[in-house]
Amino acid sequence: MSIESSLLIVNGKAGNGQATELSQVLNAETGIRSEHFGNFLLALECVGDADTAAFLESYSNLFILGGDGSTLSLMRLLLQQQLRQDITVAALGMGGENVVAKETGTFKKPLKTIRAVLTGAYQKEAVIPLSVTAEKSEIAEPFLWSVHMGFSAAVLAELEQMRSMGMGDFRRRYQATLQTLFRQRQLDPTYVSLNGESTQSVLDVGVLSAALPYWTSKFRLATVPHSPALLHTVQGYDELQKEPGRFSSRLLLEVLALKFGLNIPYRLLQHQPLASGFSVEISSPSGQMAIDSEVSDSAESTVTDKDFYPGGGKVFLARF
(Lines give C-alpha, C1' and ligand atoms only; values in the text may rest on other atoms or scores of the structure.)
Protein backbone atom coordinates (compact mmCIF):
# COMPACT_ATOMS: atom_id res chain seq x y z
CA MET A 1 0.00 0.00 0.00
CA SER A 2 1.44 3.38 -1.02
CA ILE A 3 2.49 5.84 1.66
CA GLU A 4 1.30 8.61 -0.69
CA SER A 5 -2.29 7.36 -0.36
CA SER A 6 -2.14 7.51 3.45
CA LEU A 7 -2.61 10.49 5.77
CA LEU A 8 -2.16 10.95 9.52
CA ILE A 9 -4.75 13.33 10.99
CA VAL A 10 -3.68 14.87 14.30
CA ASN A 11 -5.79 16.49 17.01
CA GLY A 12 -3.11 18.69 18.53
CA LYS A 13 -5.00 19.00 21.82
CA ALA A 14 -5.31 15.24 22.34
CA GLY A 15 -3.25 13.58 25.05
CA ASN A 16 -2.68 16.97 26.69
CA GLY A 17 -0.74 18.03 23.63
CA GLN A 18 1.31 14.84 23.31
CA ALA A 19 -0.39 13.92 20.02
CA THR A 20 1.61 16.55 18.12
CA GLU A 21 4.90 15.28 19.52
CA LEU A 22 3.98 11.67 18.74
CA SER A 23 2.96 12.60 15.19
CA GLN A 24 6.46 13.88 14.53
CA VAL A 25 7.89 10.53 15.63
CA LEU A 26 5.44 8.67 13.39
CA ASN A 27 6.28 10.94 10.44
CA ALA A 28 9.98 10.19 10.87
CA GLU A 29 9.53 6.43 11.35
CA THR A 30 7.07 5.78 8.51
CA GLY A 31 7.39 8.69 6.09
CA ILE A 32 3.64 9.29 6.36
CA ARG A 33 2.35 12.85 5.93
CA SER A 34 0.23 14.49 8.63
CA GLU A 35 -2.40 17.22 8.90
CA HIS A 36 -3.60 18.83 12.10
CA PHE A 37 -7.19 18.04 13.04
CA GLY A 38 -8.46 21.61 13.23
CA ASN A 39 -7.07 22.56 9.83
CA PHE A 40 -8.16 19.33 8.15
CA LEU A 41 -11.66 18.52 9.36
CA LEU A 42 -12.85 22.08 9.81
CA ALA A 43 -11.59 22.94 6.33
CA LEU A 44 -13.39 19.96 4.81
CA GLU A 45 -16.65 20.89 6.54
CA CYS A 46 -16.48 24.40 5.09
CA VAL A 47 -15.93 23.50 1.45
CA GLY A 48 -18.49 22.03 -0.91
CA ASP A 49 -19.18 18.31 -1.19
CA ALA A 50 -17.52 18.11 -4.62
CA ASP A 51 -14.28 19.67 -3.33
CA THR A 52 -14.28 17.40 -0.28
CA ALA A 53 -14.79 14.29 -2.39
CA ALA A 54 -12.05 15.37 -4.79
CA PHE A 55 -9.59 15.85 -1.93
CA LEU A 56 -10.45 12.47 -0.39
CA GLU A 57 -9.84 10.68 -3.69
CA SER A 58 -6.13 10.99 -2.97
CA TYR A 59 -6.33 8.71 0.07
CA SER A 60 -7.07 5.08 0.86
CA ASN A 61 -5.93 5.10 4.52
CA LEU A 62 -6.65 7.74 7.15
CA PHE A 63 -4.96 7.35 10.54
CA ILE A 64 -6.38 9.53 13.31
CA LEU A 65 -4.36 10.53 16.34
CA GLY A 66 -7.05 11.79 18.70
CA GLY A 67 -9.91 10.61 20.85
CA ASP A 68 -13.32 9.18 20.03
CA GLY A 69 -14.73 12.57 19.08
CA SER A 70 -12.07 13.04 16.40
CA THR A 71 -12.45 9.51 15.02
CA LEU A 72 -16.23 9.44 14.95
CA SER A 73 -16.46 12.94 13.45
CA LEU A 74 -14.15 11.87 10.66
CA MET A 75 -16.14 8.72 9.89
CA ARG A 76 -19.45 10.61 9.87
CA LEU A 77 -17.94 13.09 7.43
CA LEU A 78 -16.75 10.26 5.18
CA LEU A 79 -20.15 8.57 5.23
CA GLN A 80 -21.77 11.74 3.92
CA GLN A 81 -19.48 11.96 0.87
CA GLN A 82 -19.84 10.42 -2.59
CA LEU A 83 -16.67 8.37 -2.24
CA ARG A 84 -15.30 6.72 -5.37
CA GLN A 85 -12.84 4.48 -3.52
CA ASP A 86 -12.70 2.54 -0.27
CA ILE A 87 -11.21 4.41 2.68
CA THR A 88 -9.90 2.66 5.79
CA VAL A 89 -9.82 4.58 9.07
CA ALA A 90 -7.43 3.49 11.84
CA ALA A 91 -8.12 5.01 15.26
CA LEU A 92 -4.81 5.36 17.08
CA GLY A 93 -6.21 6.85 20.30
CA MET A 94 -4.93 9.75 22.43
CA GLY A 95 -8.19 10.92 24.03
CA GLY A 96 -9.72 10.36 27.44
CA GLU A 97 -11.55 7.11 26.77
CA ASN A 98 -10.63 5.81 23.28
CA VAL A 99 -13.52 3.38 22.90
CA VAL A 100 -12.97 2.96 19.15
CA ALA A 101 -9.22 2.34 19.44
CA LYS A 102 -9.65 -0.12 22.30
CA GLU A 103 -12.45 -1.99 20.52
CA THR A 104 -10.44 -2.33 17.31
CA GLY A 105 -7.16 -3.29 19.02
CA THR A 106 -5.19 -0.24 17.91
CA PHE A 107 -4.94 1.62 21.24
CA LYS A 108 -1.36 2.49 22.27
CA LYS A 109 -0.01 0.81 19.13
CA PRO A 110 0.32 3.74 16.70
CA LEU A 111 3.54 2.71 14.95
CA LYS A 112 2.59 -0.98 14.80
CA THR A 113 -0.86 -0.10 13.48
CA ILE A 114 0.42 2.19 10.72
CA ARG A 115 2.96 -0.37 9.53
CA ALA A 116 0.38 -3.19 9.60
CA VAL A 117 -2.14 -1.18 7.56
CA LEU A 118 0.50 -0.13 5.03
CA THR A 119 1.42 -3.79 4.49
CA GLY A 120 -2.19 -5.03 4.49
CA ALA A 121 -1.80 -7.08 7.68
CA TYR A 122 -5.15 -6.17 9.24
CA GLN A 123 -8.89 -6.85 8.99
CA LYS A 124 -11.17 -4.43 7.15
CA GLU A 125 -14.50 -3.99 8.92
CA ALA A 126 -17.26 -2.17 7.05
CA VAL A 127 -18.72 0.79 8.93
CA ILE A 128 -22.52 0.45 9.06
CA PRO A 129 -24.08 3.60 10.53
CA LEU A 130 -27.38 4.01 12.30
CA SER A 131 -29.50 7.13 11.86
CA VAL A 132 -30.90 9.87 14.06
CA THR A 133 -33.33 12.58 13.00
CA ALA A 134 -33.50 15.46 15.45
CA GLU A 135 -36.49 17.63 16.30
CA LYS A 136 -37.78 19.80 13.42
CA SER A 137 -35.21 18.30 11.05
CA GLU A 138 -35.89 16.17 8.00
CA ILE A 139 -32.23 15.25 7.55
CA ALA A 140 -31.13 11.95 9.08
CA GLU A 141 -27.59 12.11 10.47
CA PRO A 142 -25.36 9.03 10.74
CA PHE A 143 -24.03 7.88 14.09
CA LEU A 144 -21.70 5.05 14.93
CA TRP A 145 -21.70 4.60 18.70
CA SER A 146 -24.73 5.94 20.55
CA VAL A 147 -27.54 8.45 20.92
CA HIS A 148 -28.39 9.39 24.51
CA MET A 149 -30.93 11.48 26.36
CA GLY A 150 -31.38 11.91 30.09
CA PHE A 151 -28.74 11.30 32.75
CA SER A 152 -25.95 10.38 30.31
CA ALA A 153 -26.48 13.51 28.21
CA ALA A 154 -26.55 15.65 31.38
CA VAL A 155 -23.18 14.22 32.45
CA LEU A 156 -21.69 14.94 29.03
CA ALA A 157 -23.04 18.50 29.10
CA GLU A 158 -21.33 19.05 32.47
CA LEU A 159 -18.15 17.48 31.10
CA GLU A 160 -18.08 19.78 28.07
CA GLN A 161 -18.55 22.83 30.28
CA MET A 162 -15.61 21.72 32.45
CA ARG A 163 -13.52 21.08 29.32
CA SER A 164 -14.11 24.70 28.25
CA MET A 165 -12.81 25.76 31.69
CA GLY A 166 -9.55 23.89 31.08
CA MET A 167 -10.05 21.09 33.60
CA GLY A 168 -7.99 17.93 33.17
CA ASP A 169 -9.60 14.86 31.64
CA PHE A 170 -9.65 12.64 34.76
CA ARG A 171 -11.02 15.32 37.05
CA ARG A 172 -13.76 16.53 34.74
CA ARG A 173 -15.09 13.03 33.97
CA TYR A 174 -15.55 12.04 37.59
CA GLN A 175 -16.60 15.47 38.82
CA ALA A 176 -19.22 15.76 36.07
CA THR A 177 -20.65 12.35 36.98
CA LEU A 178 -20.76 13.10 40.71
CA GLN A 179 -22.34 16.54 40.22
CA THR A 180 -25.06 15.04 38.04
CA LEU A 181 -25.65 12.23 40.55
CA PHE A 182 -26.15 14.74 43.35
CA ARG A 183 -28.88 16.53 41.38
CA GLN A 184 -30.43 13.50 39.68
CA ARG A 185 -33.75 13.98 41.49
CA GLN A 186 -34.06 17.39 39.82
CA LEU A 187 -33.55 15.98 36.32
CA ASP A 188 -36.61 15.84 34.10
CA PRO A 189 -37.83 12.38 33.06
CA THR A 190 -36.87 11.19 29.60
CA TYR A 191 -39.50 9.53 27.42
CA VAL A 192 -38.94 6.58 25.11
CA SER A 193 -41.18 4.64 22.73
CA LEU A 194 -40.11 1.60 20.69
CA ASN A 195 -41.80 0.97 17.33
CA GLY A 196 -44.72 3.24 18.18
CA GLU A 197 -45.67 1.32 21.34
CA SER A 198 -46.55 2.87 24.71
CA THR A 199 -44.23 5.56 26.05
CA GLN A 200 -42.12 4.99 29.16
CA SER A 201 -40.66 7.65 31.45
CA VAL A 202 -37.07 6.80 32.42
CA LEU A 203 -34.03 8.43 33.97
CA ASP A 204 -31.76 7.64 31.03
CA VAL A 205 -32.11 6.18 27.53
CA GLY A 206 -29.67 5.34 24.79
CA VAL A 207 -29.59 3.53 21.48
CA LEU A 208 -26.19 1.82 21.26
CA SER A 209 -24.72 0.47 18.06
CA ALA A 210 -23.93 -3.25 18.15
CA ALA A 211 -20.54 -2.37 16.64
CA LEU A 212 -19.64 -0.28 19.73
CA PRO A 213 -22.06 -1.55 22.41
CA TYR A 214 -20.84 0.59 25.29
CA TRP A 215 -23.01 2.32 27.89
CA THR A 216 -20.62 5.15 28.77
CA SER A 217 -17.10 3.99 27.97
CA LYS A 218 -16.87 1.62 30.94
CA PHE A 219 -19.57 -0.98 30.30
CA ARG A 220 -19.48 -3.23 27.25
CA LEU A 221 -22.88 -4.86 26.84
CA ALA A 222 -23.60 -8.29 25.38
CA THR A 223 -24.89 -8.26 21.81
CA VAL A 224 -27.18 -10.57 19.88
CA PRO A 225 -26.33 -11.82 16.35
CA HIS A 226 -28.01 -9.78 13.57
CA SER A 227 -29.21 -7.11 16.02
CA PRO A 228 -27.99 -3.72 14.75
CA ALA A 229 -28.37 -1.97 18.10
CA LEU A 230 -29.33 -2.15 21.78
CA LEU A 231 -31.89 -0.07 23.65
CA HIS A 232 -30.47 0.94 27.03
CA THR A 233 -32.69 2.44 29.74
CA VAL A 234 -32.37 3.28 33.42
CA GLN A 235 -35.79 2.64 34.93
CA GLY A 236 -37.14 3.80 38.30
CA TYR A 237 -37.65 7.52 37.77
CA ASP A 238 -40.70 7.56 40.08
CA GLU A 239 -38.88 5.45 42.68
CA LEU A 240 -36.03 7.95 42.66
CA GLN A 241 -38.47 10.74 43.58
CA LYS A 242 -40.21 8.79 46.36
CA GLU A 243 -37.41 6.65 47.81
CA PRO A 244 -34.07 8.09 46.70
CA GLY A 245 -32.04 6.02 49.17
CA ARG A 246 -33.53 2.74 48.01
CA PHE A 247 -33.13 3.73 44.36
CA SER A 248 -29.50 4.78 44.73
CA SER A 249 -28.44 1.63 46.58
CA ARG A 250 -30.16 -0.59 44.01
CA LEU A 251 -28.63 1.32 41.09
CA LEU A 252 -25.16 1.03 42.62
CA LEU A 253 -25.65 -2.73 43.07
CA GLU A 254 -26.72 -3.18 39.46
CA VAL A 255 -23.92 -1.00 38.09
CA LEU A 256 -21.32 -3.01 40.02
CA ALA A 257 -22.92 -6.28 38.92
CA LEU A 258 -22.82 -5.14 35.30
CA LYS A 259 -19.20 -4.06 35.62
CA PHE A 260 -18.00 -7.32 37.17
CA GLY A 261 -20.36 -9.72 35.36
CA LEU A 262 -22.34 -10.79 38.43
CA ASN A 263 -25.46 -12.86 37.84
CA ILE A 264 -28.31 -10.89 39.42
CA PRO A 265 -31.80 -9.91 38.20
CA TYR A 266 -31.68 -6.38 36.80
CA ARG A 267 -34.59 -4.14 37.71
CA LEU A 268 -33.32 -0.64 36.91
CA LEU A 269 -30.80 -1.28 34.14
CA GLN A 270 -32.51 -2.67 31.06
CA HIS A 271 -30.75 -3.61 27.81
CA GLN A 272 -32.90 -4.83 24.95
CA PRO A 273 -31.59 -6.02 21.56
CA LEU A 274 -33.28 -4.21 18.65
CA ALA A 275 -34.35 -6.00 15.49
CA SER A 276 -33.64 -4.69 12.00
CA GLY A 277 -36.09 -1.96 11.00
CA PHE A 278 -36.52 -0.63 14.55
CA SER A 279 -37.69 2.89 15.34
CA VAL A 280 -37.03 4.47 18.74
CA GLU A 281 -38.58 7.82 19.59
CA ILE A 282 -36.99 9.66 22.51
CA SER A 283 -37.68 13.05 24.06
CA SER A 284 -36.55 15.11 27.00
CA PRO A 285 -37.74 18.50 28.30
CA SER A 286 -34.08 19.41 28.92
CA GLY A 287 -33.48 19.54 25.16
CA GLN A 288 -30.13 17.80 25.51
CA MET A 289 -29.11 14.94 23.25
CA ALA A 290 -25.70 13.30 22.91
CA ILE A 291 -24.71 11.82 19.55
CA ASP A 292 -21.48 9.81 19.69
CA SER A 293 -20.69 11.62 22.97
CA GLU A 294 -21.12 15.09 21.44
CA VAL A 295 -23.94 17.11 23.06
CA SER A 296 -26.43 18.93 20.85
CA ASP A 297 -29.77 20.68 21.37
CA SER A 298 -32.84 18.59 20.62
CA ALA A 299 -35.91 17.86 22.70
CA GLU A 300 -37.14 15.08 20.41
CA SER A 301 -35.39 12.56 18.19
CA THR A 302 -36.12 9.42 16.20
CA VAL A 303 -33.45 6.73 15.90
CA THR A 304 -33.56 4.05 13.19
CA ASP A 305 -31.31 1.78 11.13
CA LYS A 306 -33.02 2.50 7.81
CA ASP A 307 -31.12 5.29 6.10
CA PHE A 308 -28.35 4.78 3.55
CA TYR A 309 -25.55 7.33 3.27
CA PRO A 310 -23.57 8.21 0.13
CA GLY A 311 -20.33 6.81 1.57
CA GLY A 312 -21.98 3.62 2.82
CA GLY A 313 -20.06 0.53 1.79
CA LYS A 314 -16.90 2.59 1.17
CA VAL A 315 -15.80 3.35 4.74
CA PHE A 316 -13.94 0.72 6.78
CA LEU A 317 -12.32 0.40 10.19
CA ALA A 318 -8.92 -1.23 10.66
CA ARG A 319 -9.28 -4.01 13.23
CA PHE A 320 -6.65 -6.26 14.78
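With all protein chains present, calculate the accessible area of residue 300 using a 1.4 Å probe and round the result to the nearest 10 Å².
Accessible area of residue 300: about 100 Å².
How large a share of the accessible area of the chain, in percent, is made up of carbon and sulfur atoms when the probe is 1.4 Å and the other protein chains stay in place?
That fraction is 52 percent.
Give the angle, between 0 and 90 degrees and rounded to the nearest 10, that separates the Cα long axis of helix 18-30 from the longest principal axis of the Cα atoms of the chain.
With rounding to tens, the tilt is 40 degrees.
Note the direction-averaged projected area, equal to a quarter of the hull surface, for the Cα convex hull of the chain, in nm².
Orientation-averaged projected area of the Cα hull: 16.5 nm².
Pull out a ≥ b ≥ c, the square roots of the eigenvalues of the alpha-carbon gyration tensor of the stretch 117-164, then state rounded if a/c is under 1.5, prolate if not and a/b is larger than b/c, and oblate in the remaining case.
Cα axes put the stretch 117-164 in the oblate bin.
For the chain, with only Lys/Arg (+1) and Asp/Glu (-1) charged at the beta-carbon, what is the dipole magnitude about the Cα centre, in debye rounded to 20?
Numbers: 27 positive and 33 negative charges, 256 e Å.
Once rounded to the nearest 20, the dipole reads 1240 debye.
Just to be sure I follow the rule: in the chain, considering lysines 8 or more places apart or on different chains, how many pairs have Cα atoms under 18 Å apart?
Number of lysine pairs found: 11.
Give me the accessible area per residue for the chain, probe 1.4 Å, as a whole number in Å².
Details: 15170 Å² over 320 residues.
Per-residue accessible area for the chain comes out at 47 Å².
Treating the Cα atoms of the stretch 64-168 as identical point scatterers in vacuum, please give the log10 of the normalised Debye intensity I(q)/I(0) at q = 0.10 Å⁻¹, two decimals.
Log10 of I(q)/I(0), two decimals: -0.36.
Using per-residue counts of other Cβ atoms within 10 Å, averaged over each peptide, order 91-103, 70-82 from highest down.
With the highest mean Cβ count within 10 Å placed first, the list reads 91-103, 70-82.
Using only Cα atoms, what is the ratio of the radius of gyration of the stretch 124-260 to 2.2 N^0.38 Å?
1.13
The values are calculated or read from the model by the stated rules, or taken from the named source; none is laboratory data. All values derive from a computational prediction rather than experimental measurement. Cβ sites come from the backbone with ideal geometry, for glycine too, and all protein chains shown count toward neighbours. For accessibility, only protein heavy atoms count, side chains too; no ligands or nucleic acids. Shrake-Rupley method; radii C 1.70, N 1.55, O 1.52, S 1.80 Å.
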